[in-house]
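As structure tokens, the structure follows; a few thoughts come after it.
The values are calculated or read from the model by the stated rules, or taken from the named source; none is laboratory data. Computed from a predicted model, the values in this text were never measured in an experiment. Please note: Cβ atoms are built from the backbone with ideal geometry, for glycine as well, and neighbour counts cover all protein chains shown. Surface areas here come from the heavy atoms of the whole protein model, side chains and all, with no ligands, DNA or RNA. Shrake-Rupley method; radii C 1.70, N 1.55, O 1.52, S 1.80 Å.
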Amino acid sequence: MENNKKIHFIGIGGSLMHNVAIALHHLGFTVTGSDDDVKDPSRSKLLKNNLLPQHTGFDADRIQAGLDYVIFGRLTQKDNPELLKAQQLGLKVFTCPEFIHEFALHKQRLVVVGSHGRDVVAHMIMHVLRSLGRKTDCLIARAATSDYEVELSNAPVIVIDGSESPSTPLYHTPQFIKYKHHIGVLTDITWNEETSALNENDFIRQYDLFADATPKGGMLIYHESDKIAAVICNKERPDVLYIPYKAHPSAHDGGKDYLIGAGKERAAVNFSGKQNYTLCSAAFEA
């Protein structure tokens, strides 16, 4: 995507939105934004990059015909005056995940999904690619925070931590569907009645849709012991490569933890536990 575009963010203070806005600003895009309330860490980061809106609230006058894209956050309501103005002008309007797909249209898109550990797997994949000097974009949640690590460039690959949260309040399609993956990695999938806005069947269905969206020649990597993921990936489409994984062989010796390779060689690691070794296998297969 050419970096001479003008982009406006409705809800620029969102955890994903402000990081994407800053990344695009660094690439040379002309970025503006609006929000009704911007709190830290978003506020400080936007202020540092001269992207903090001068006035809070939403104003239709901010939307002009010269804008190339208008991106709206997942809390944006359908009667938002800026969103309505953009639609009236016939501008290109996207949710943030839809825009990321547009930006990464010609990249290989690797999306990690699941209820637990997807950020860990995504970070492991990025760690290896960086260690090998491979140029790679990313969109990954930071552990234990509401922030994101976002890198956008002309890299040929992007690694995405795919949230199951809805893209907008207007419909329940999860964000991870919108990235249109080539390689999908499924970690453990667990429905929680207290935290999920969906019933159990609809919750499972969204992961089924993710698997169905895998293109011809695509790949699905799944935890073979996870009941939901195993059922979803047992469709065995002939045009998709299915790769199961389980906990990586390991050992604890002399107070240290090791991964054990195919030739029985050992590699020292600073993590332990079956769950971490399972997540390590997911990243390894990817």
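Every helix of 4 or more DSSP H residues in the chain counts as -39500 (n - 2.57), and over all residues that averages to -8500 deg cm²/dmol at 222 nm.
Rounded to the nearest 20, the size of the Cβ-charge dipole of the chain about its Cα centre is 780 debye, with Lys and Arg at +1 and Asp and Glu at -1. Solvent-accessible area of residue 93, all protein chains in place: 40 Å² (probe radius 1.4 Å, heavy atoms, ligands and nucleic acids excluded). Note: relative contact order over the range 108-223, using C-alpha pairs below 8 Å and six or more positions apart, is 31 percent. Taking 0.36 nm per residue of separation and subtracting the Cα-Cα distance, full extension of the segment from residue 284 to residue 59 would add 76.2 nm. In terms of accessible area, using a 1.4 Å probe and ignoring ligands and nucleic acids, 99, 58, 284 rank largest first as 284, 58, 99. One decimal place: the segment residue 2-residue 87 gains 28.3 nm when fully extended, by the rule 0.36 nm per residue minus the C-alpha distance.
Residues 280, 138, sorted by accessible area with the largest first, give 280, 138 [1.4 Å probe; ligands and nucleic acids excluded]. Taking every alpha-carbon pair under 8 Å whose residues sit at least 6 apart, the range 136-187 reaches a relative contact order of 27 percent.
Subtracting the Cα-Cα distance of residue 134 and residue 198 from their residue separation scaled by 0.36 nm leaves 19.2 nm. Pairs 6/135; 6/180; 45/135; 39/246; 45/246; 92/216: which are spaced more than 30 Å apart, C-alpha to C-alpha? Going by Cα-Cα distance, 39/246; 45/246 fall outside the 30 Å limit. Each label was represented as a point 7 Å from its Cα along the Cα-to-Cβ direction; for residue 50 and residue 241 these points are 4.6 nm apart.
Estimated from the Cβ-Cβ distance and a Förster radius of 25 angstrom, the FRET efficiency linking residue 75 and residue 127 is about 0.20. Among 33-44, 263-274, sorting by the average number of other beta carbon atoms lying within 10 angstrom of each residue, highest first, gives 33-44, 263-274.
Contact order, relative form, for the range 71-166: 28 percent (alpha carbon pairs under 8 Å, 6 or more residues apart, mean separation divided by residue count). The Cα atoms of the chain cover 65, 39, 37 Å along the three principal axes, with the biggest extent listed first. Taking label points 7 Å from Cα along the Cα-to-Cβ direction, residue 270 and residue 208 give a separation of 4.3 nm. Distance from the Cα centroid of the range 150-206 to that of the range 1-69 is 23 Å (rounded to whole angstrom). Shown here: the range 25-174, whose C-alpha atoms stretch 47, 33, 32 Å along the first, second and third principal axes, sorted largest to smallest.
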